[in-house]
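The next block holds one structure in the form of structure tokens; read it before the comments.
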Ligand SMILES: Nc1ncnc2c1ncn2[C@@H]1O[C@H](COP(=O)(O)OP(=O)(O)OP(=O)(O)O)[C@@H](O)[C@H]1O
Ligand SMILES: O=C(O)C1=C[C@@H](O)[C@@H](O)[C@H](O)C1
Ligand SMILES: [Mg+2]
């Protein structure tokens, strides 16, 4: 099982969708699954039930996903790996890939975004601080891909090359 992590706007969901098209792997996006299960949007969930409820949903979902086939790819919500218990479960069960993206590019991508409550709450230097605070958690990963300024296709190729190097059984997916 592969967990794709990184800050809000780094491109985790985008990479997952591109991989779904390109290779024969099952991809689950934790934010999307939580929205489906809760029958609402993440913004409304934060607003109506609060962040602790959302974090509990994340941990519960992670535990449900763990028994899946080992070739499953999970694109996580940006804060999921910051819970030490989640991170430990992810390390025990699979491989963690951190999508690094420069904070300036993240700012550009999130500028007009209305769907991420923590990006709306933490703007400007507050977002920088959240990013800095979380970096050590993201860096506790098996692989890092620097996505800054790269096209989705280039990131897909880099991801697949890393997976191929480290798990030859993925060769037939390339
Ligand atoms: N390589 C890329 N080049 C240009 N734009 C990108 C790239 N990857 C993602 N984007 C754009 O950046 C925005 C955020 O991408 P995405 O939703 O995949 O981020 P995310 O990491 O899943 O964020 P979150 O943690 O909030 O779920 C989207 O508008 C997407 O189209
Ligand atoms: O970084 C975060 O804490 C978040 C990222 C998004 O993927 C969502 O999971 C939610 O908006 C919170
Ligand atoms: Mg996402």
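Any read-out appearing in this document is the output of simple, stated calculations on the displayed coordinates, not a laboratory observation. All figures in this text were calculated on a predicted structure; none of them were measured in a lab. Every residue, glycine as well, gets a Cβ built from its backbone with ideal geometry; the counts of neighbours run over all protein chains shown.
Taking the average, over residues, of other Cβ atoms within 10 Å as the packing measure, peptides 133-139, 110-116 rank 133-139, 110-116 from highest down. Dividing the Cα radius of gyration of segment 44-106 by its Kirkwood radius returns 1.01 for Rg/Rh.
Centre-to-centre, using Cα atoms only, segment 131-157 and segment 93-111 are separated by 5 Å.
The long axis of helix 84-93 is offset from the longest Cα principal axis of the chain by roughly 10 degrees. Multiplying each eigenvalue of the alpha-carbon gyration tensor of segment 1-94 by 5 and taking the square root yields semi-axes of 21, 16, 12 Å, largest first, rounded to whole angstroms. Sorting the segments 150-157, 92-99 by their residues' average number of neighbouring beta-carbon atoms within 10 angstrom, most packed first, yields 92-99, 150-157.
Principal semi-axes of the equivalent ellipsoid, √(5λ) from the alpha carbon gyration tensor of segment 2-164, are 22, 20, 15 Å from largest down.
Can you tell me the 0 to 90 degree angle between the C-alpha axis of helix 125-139 and the longest principal axis of the chain, rounded to 10? Helix 125-139 sits roughly 30 degrees off the main axis of the chain.
Between the Cα long axis of helix 12-22 and the first principal axis of the chain there is an angle of about 30°, rounded to the nearest 10. Applying 0.36 nm per residue to the separation of residue 24 and residue 49 and subtracting their alpha-carbon distance, the gain on full extension is 5.3 nm.
Placing R0 at 25 angstrom, the Cβ-Cβ distance between residue 41 and residue 68 gives a FRET efficiency of 0.50 after rounding to 0.05. Over all Cα atoms in segment 90-166, the spread is summed up by Rg and Dmax: 14.2, 40 Å.
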